[in-house]
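Visitor: There's a structure below that I have some questions on.
Please treat every number below as a calculation from the coordinates, not as lab data. Source: prediction; values computed, not measured. A quick note on method: Cβ atoms are made from the backbone with ideal geometry, for glycine too, and the neighbour counts reach across all protein chains shown.
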Amino acid sequence: MSGWWQSLAEWLKSLFFNKEMELSLIGLQNAGKTSLVNVLATGNTTDTIPTVGFNMRKVTKGGVTMRVWDLGGQTRFRSMWERYCRGVQAIVYVVDSADLDSLDAAKEELHALLSKPSLAGIPLLVLGNKNDLPEALSANELITRLDLKAITDRETAVYSMSCRTQANLDVVIKWLSARSK
């Protein structure tokens, strides 16, 4: 019976205290951005095709409705990132933590983006996706390789995760929910 009361209380709370947030999901191509959106929205991973330009999707998790801008990671779309990151509650930077050859480019693109004055102070969540692969870097290794300690003008968090196995997805949702309005 107590589970029923808890469910009822959560439902009533969601009626009156629903929070919203807008976030931009960026990173190089094939990092797993669209897969992350799909897992958040449906709980399932499906085969995805590369995002061309951008997609917007609303996802509701635990009383928080997130408006997620999923931005293409190909070189020709990276100039759009700043425009879609202005005014969001969080920038989520997804990195393929098993693609060691792309880390230098990921570092350069991230630091170039964060140098834009219009993005000052926006919290940053760096997700090292694909931690289920044997060559994947840990969160601490990503901090070093992406020079994240140099980012001092905003709140920054780093998590190792996997869209495929949904490892650490709960931590990601909790971090995002804490930044909603």
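Visitor: Place a label point 7 angstrom from the Cα of Arg67 along the Cα-to-Cβ direction, then list the residues of segment 139-181 whose backbone nitrogen is under 13 Å away.
Guide: 181
Visitor: Any idea how far apart Asn55 and Met80 come out in nm if each label point goes 7 Å out from Cα toward Cβ?
Guide: It is 1.3 nm.
Visitor: Between Thr152 and Trp5, take the C-beta separation as r, use R0 = 45 Å, and let me know the FRET efficiency to the nearest 0.05. Show your work: numbers first, answer last.
Guide: Numbers: r = 46 Å, r/R0 = 1.01.
Computed FRET efficiency for Thr152 and Trp5: 0.50.
Visitor: Taking Rh as the Kirkwood radius, which is the inverse of the mean 1/r over Cα pairs, what is the Rg/Rh value for segment 50-134? Mind showing how you got there, number by number?
Guide: Values: Rg = 13.6 Å, Rh = 14.1 Å.
Result: Rg/Rh = 0.96.
Visitor: Multiply the residue gap between Ser177 and Glu20 by 0.36 nm, knock off their C-alpha separation, and tell me the result in nm, one decimal place. Kindly include the intermediate steps, with their values, before the conclusion.
Guide: Working: separation 157, 0.36 × 157 = 56.52 nm, distance 0.87 nm.
This chain segment gains 55.6 nm when fully extended.
Visitor: Which Rg and Dmax, in Å, describe the Cα atoms of segment 19-178?
Guide: Over segment 19-178's Cα set, Rg and Dmax evaluate to 14.1, 39 Å.
Visitor: Roughly what angle does helix 169-178 make with the longest principal axis of the chain, taking Cα atoms, 0 to 90 degrees, to the nearest 10?
Guide: Rounded to the nearest ten degrees, it is 80.
Visitor: Here is a further query. Given a Förster radius of 30 Å and the C-beta distance between Ala105 and Glu135 as r, what FRET efficiency does 1/(1 + (r/R0)^6) yield to the nearest 0.05?
Guide: The pair Ala105/Glu135 has a calculated efficiency of 0.95.
Visitor: Count the lysine pairs in segment 19-178 that are 8 or more places apart or on different chains: how many have C-alpha atoms under 23 angstrom apart?
Guide: 20
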